[in-house]
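Right, one structure below, let's go through it.
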Amino acid sequence: MKKISKFIIALFISLNMVAFSFSAGTPVFDVSNLLTAIDQLYSSYDMVMNTLKQIEQGYQQFQFYLEQAKSWDLENISWDGDLDFRDEIKSVTNRVNKQITNIRKIEEIFTTKQYSAGGMTFTVADLVGAGDRDRDLLDVMRNVGNEMKNSWDQAAEALVNELSEDQKRAIWQKYGISPINFTYMQQKKQILQNVADQFIAYATAESETLEAQAEADVAVADAVVQEATNGGEHTEKELMQQNLVLSRELIKNISDLKLAVRQAAGQTALQQALTDEKEMQEQQAAAALMMETVDREMRDSMF
C-alpha cells in the first residue's frame, strides 16, 4: 500500500543515520514498533470510515423503502391510532435525510476539515496516509520539530534545568537520548495528541447525536417499512437496530483511532529524537575534531 511504502522508505533513510546499539549501552530503536503503530493508525481510520459507510448504506436502504411508499394505496392501509399515515411517512423520511446529513458531517471531520500543527495544515485522512502526499504523520512531526527548534529552545532548557541528575540519567538509560531531546520528543507528542483530541471531540459529539437519533428511529419507523416490505424479514426496525449497533460501534472505533494516533505519534517522536540525537553527537564530534586540529596546528606553528 502507498502509505506503508512511503513510511518504510522514510524510516530506512532516517534510521540508517541512527547508530545506537546495546553494546554501547544505549537502547536500539525497534522500527517494527513504529511500523505496527502506523499500520494500526491507518487500520483504525479505515474502520471508522467503513462503519460510517455501512450506516449510510442502511439509511439509503430506508430511502428506497420510503420511495416505494409513493405508490401505496393509502386509503386501503390500516393504521392503528389517530395519526395520519402520510404524516408518519413524511416524519420518517425527514429522519432518514437528517441521519444521512449527520453521517456526512462526520465524514467531513475526517476527510475535508483542516487541522494545523508545525506550520502546516492537513486533514485526518492526510495524517494517517490516506490523503494528500507530504502531509502524513511523519511530515507533520518533522515540521513540528523544525518549528520547535526555532522557537522553543529556551522553554526546553528551562524544563531540563528542573530535572534532577537522577532523572536525567534515567532518560539516558531508558530512551538513549539527551534530556533536551527528550523534552522536544514529549512536546512533539503532545502537539499531535492535542490535534487528535480536537477531531476526536468533534467526531464523538456528532456520533453520539447519530446514536441517539438511531435509538429513537427504531421505535418510530417500524410500521412504515413493515408495510413497504409486506412484512418481509428486512423490516425497517431490524435495519434501524442494525444501524443503532453500528452507531455505537462507531463511537468505539473513534476512540480506538484516538489511541492509535497517540501511539503512532509517540513512536514517531522517539524515532525522530534518536535521529536528532545522532546528528547532535556527530556535530559535537566534528566540532571536537576541528578544535583538536586547530590546537595541533597552532602547536606545530610554534616550532
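For the reader, a short list of remarks on this structure follows.
- So residue 151, is it among the hydroxyl-bearing types (Ser, Thr, Tyr) and open to solvent by 70 Å² or more (accessible area, probe 1.4 Å): yes
Let's see how each residue does on (1) modelled with pLDDT of 85 or more; (2) surrounded by fewer than 20 Cβ atoms within 10 Å (Cβ to Cβ); (3) of a type in the set (Val, Ile, Thr):
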{"site": "186", "(1), (2), (3)": "yes, yes, no"}
{"site": "195", "(1), (2), (3)": "yes, no, yes"}
{"site": "201", "(1), (2), (3)": "yes, yes, no"}
{"site": "224", "(1), (2), (3)": "no, no, yes"}
{"site": "229", "(1), (2), (3)": "no, yes, yes"}
{"site": "248", "(1), (2), (3)": "yes, yes, no"}
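- Any chance residue 166 is in a loop (DSSP other than H, G, I, E, B), open to solvent by 20 Å² or more (accessible area, probe 1.4 Å), among the charged types (D, E, K, R) and without any contact (Cβ under 8 Å) to a residue 12 or more places away in the chain: no
- Count - residues of segment 61-90 that are open to solvent by 80 Å² or more (accessible area, probe 1.4 Å) and at pLDDT 70 or above: 3
- If you go through segment 203-222 and pick out every residue that is among the small types (Gly, Ala, Ser) and either modelled with pLDDT under 90 or outside any helix (DSSP H, G or I) (or both), you end up with 5.
- Complete set of residues in segment 178-193 that are out of contact with any Gly (no Cβ under 8 Å at 6 or more places or on another chain), over 13 Å from residue 147 (Cβ atoms) and in contact (Cβ under 8 Å) with a residue 12 or more places away in the chain: 178, 179, 180, 181, 182, 183, 185, 186, 193
- When residues of segment 91-121 are limited to those that are farther than 30 Å from residue 195 by Cα and surrounded by 11 or more Cβ atoms within 10 Å (Cβ to Cβ), the one modelled with the highest pLDDT: 97
- Here residue 132 fulfils each of the conditions (1) in a loop (DSSP other than H, G, I, E, B); (2) of a type in the set (Asp, Glu); (3) touching a residue at least 40 places away in the same chain (Cβ under 8 Å) apart from (3).
The values are calculated or read from the model by the stated rules, or taken from the named source; none is laboratory data. Bear in mind that the values here come from a model prediction, so they are computed numbers and not experimental data. Using ideal geometry, Cβ is built from the backbone for each residue, glycine included, and neighbour counts are taken over all protein chains shown. Calculation scope for accessible area: heavy atoms of the full protein, side chains included, ligands and nucleic acids excluded. Shrake-Rupley method; radii C 1.70, N 1.55, O 1.52, S 1.80 Å.
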